[in-house]
Amino acid sequence: MSEFPVTRTNRPARRPADDALRFGTVFTDHMFLMDFHPGEGWHDARIVPYDNFSLDPATCVLHYAQAVFDGLKAFRGADGVIRLFRPADHAARLNRSCERLCIPELDPALIRQSFEQLVALDHRWVPSKPGTALYLRPTVIATEPFLGVRPSSSYRYFLILSPVGPYYPEGIDPVKILATDQYVRAVPGGLGAAKAAGNYAASIYAAEAAHKAGYTQVLWLDGVHRRYLDEVGTMNIMLRINDEVITPPLAGAILAGITRDSTLRLMRDWGLRVSERPIAIDEVIAAAADGSLAEMWGTGTAAVVSPVGELGYKETRLTINGGRIGALTQRLYDAIVGIQYGTAPDPYGWAEPVRISDNEAA
Ligand code: COI
């Protein structure tokens, strides 16, 4: 596939120091754009300076949230090599989200090329401090200006890049999560399995209430019984009771996390007993009470592997593993970041080096 045309910025921005990086607050010099129109399909792929969009106030996405995105990371290894983590799986998931939202799918090879070419062009923005990365946010929005409710006839795919530090202010320190049976994020048959913008809008009211109560995130329970663990919204959830690792199944309401999949694969290859099965909040509370709940953690691209140190539910506040990171959580974190930064062998071929041409390296 030939390279996409590039219009370079004539005002390159100053890159923040790695130590100053938070999550998603600064963006690189360029972005990737591509448009869809009837009769033309996806066309006009290009890289241009990072800038605002101009949208008609009637634009479909602004009213009915016909929008999907994904999130993946590029890491700078100690060897200087920049690696993308499972880009093909992220491209495939973006297309599955598109299908669910009636958005025309993109050529997966083209999505991957957009990742590689934009990261190669803005490679100086990939931070190198452990725990930092360049976050890629591929997004598709409905762009037709009209107020009827039906699929838009036109769309824009855009890719922006953000150098990031840890997603949670806690970093790798355990986070506090609050299970709620008052609000729901998704129901089977709804949008929960897609990375749809609307899922995140649905989550912020309860997340604000959780913050006010001193928690970092909400642990969503299923939308039907309001009893079984679903996910955290920013990450999938896993826990260990005795020697069984349990995570909710991909039953239509939760996101098929790529880090979820990676950690499951690792644990199965380590010979651990891993169950993808429904788990009720009462089972978790009972396990905490009898001492068998050994550890709990979340997995996600932004969150990586995040220990959960405290779980709230109604009047109960449970401290898990004394509020410290558990041994398995630490082992998973080390294994994942080792592959991502190229400091450990990658038997699965998950970390894909990005080729920087001499032209871009100069
Ligand atoms: C991610 O982990 O990439 C996410 O999209 C979660 C959050 C930042 C929205």
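The values are calculated or read from the model by the stated rules, or taken from the named source; none is laboratory data. Predicted model only: the values in this text are computed from it and were never measured. Virtual Cβ from ideal backbone geometry, glycine too; neighbours counted across all protein chains shown. Remember, those area values only see protein heavy atoms, side chains included, never the ligands or the DNA or RNA. Shrake-Rupley method; radii C 1.70, N 1.55, O 1.52, S 1.80 Å.
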- [ ] Determine, yes or no, whether ARG150 is over 17 Å from GLU231 (Cα atoms) and either without any contact (Cβ under 8 Å) to a residue 40 or more places away in the chain or not assigned by TED's automatic domain parsing to the domain that holds VAL354 (or both).
- [x] yes
Open item on the list: For a quick check of your reading: which strands (runs of 3 or more DSSP E) sit entirely within the range 1-91 and have at least 1 residues that are more than 16 Å from LEU136 (Cα to Cα)?
Closed with: 30-37, 41-49, 67-69
Open item on the list: Return the residues of the range 54-90 that are in contact with a Phe, Trp or Tyr (Cβ under 8 Å, 6 or more places away or on another chain) and away from the ligand (no atom under 16 Å from the Cβ); say none if nothing qualifies.
Closed with: ALA58, CYS60, ARG76, GLY77, ALA78, ILE82, ARG83
Task: Pairs, first open to solvent by less than 50 Å² (accessible area, probe 1.4 Å) in the range 191-209, second among the polar types (S, T, N, Q) and within 14 Å of the ligand (Cβ to nearest atom), C-beta under 7 Å, six or more apart - done: GLY192/ASN199; ALA194/SER97; LYS195/SER97; ALA196/SER97; ALA207/GLN217
TODO: Scan the range 214-231 residue by residue and report those that are open to solvent by 50 Å² or more (accessible area, probe 1.4 Å) and part of a loop (DSSP other than H, G, I, E, B).
DONE: VAL224, HIS225, ARG226, ARG227
Task: Residue within the range 248-255 that is in contact with a helix residue (DSSP H, G or I) (Cβ under 7 Å, 6 or more places away or on another chain) and either at pLDDT 95 or above or closer than 30 Å to ALA142 by Cα (or both) present - done: no
Task: Residue check, GLY71 under 30 Å from ASP346 (Cα atoms), of a type outside the set (Asp, Glu) and not assigned by TED's automatic domain parsing to the domain that holds GLY190 - done: yes
TODO: Find all pairs meeting these conditions: Cβ atoms under 7 angstrom apart; at least six residues apart or on different chains; first residue within the range 232-244 and in a loop (DSSP other than H, G, I, E, B) and more than 15 Å from the ligand (Cβ to nearest atom); second residue modelled with pLDDT of 95 or more and open to solvent by less than 20 Å² (accessible area, probe 1.4 Å).
DONE: ASN242/SER292
Task: Pair list, Cβ under 7 Å, 6 or more apart: the range 4-26 residue touching a residue at least 60 places away in the same chain (Cβ under 8 Å) and away from the ligand (no atom under 16 Å from the Cβ), other residue among the β-branched types (Val, Ile, Thr) and open to solvent by less than 40 Å² (accessible area, probe 1.4 Å) - done: PHE4/ILE47; VAL6/ILE47; ASP18/THR132
Task: Filter result for the condition that a residue is within 26 Å of PRO188 (Cβ to Cβ) and either away from the ligand (no atom under 16 Å from the Cβ) or open to solvent by 30 Å² or more (accessible area, probe 1.4 Å) (or both), over ALA289, ALA327, ALA280, ALA303 - done: ALA280
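Every residue, every condition in (1) open to solvent by 10 Å² or more (accessible area, probe 1.4 Å); (2) closer than 14 Å to LEU239 by Cα; (3) within 16 Å of the ligand (Cβ to nearest atom); (4) in a helix (DSSP H, G or I), yes or no:
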{"position": "GLY309", "(1), (2), (3), (4)": "no, yes, no, no"}
{"position": "GLY322", "(1), (2), (3), (4)": "yes, no, no, yes"}
{"position": "THR343", "(1), (2), (3), (4)": "yes, no, no, no"}
{"position": "ASP346", "(1), (2), (3), (4)": "yes, no, no, no"}
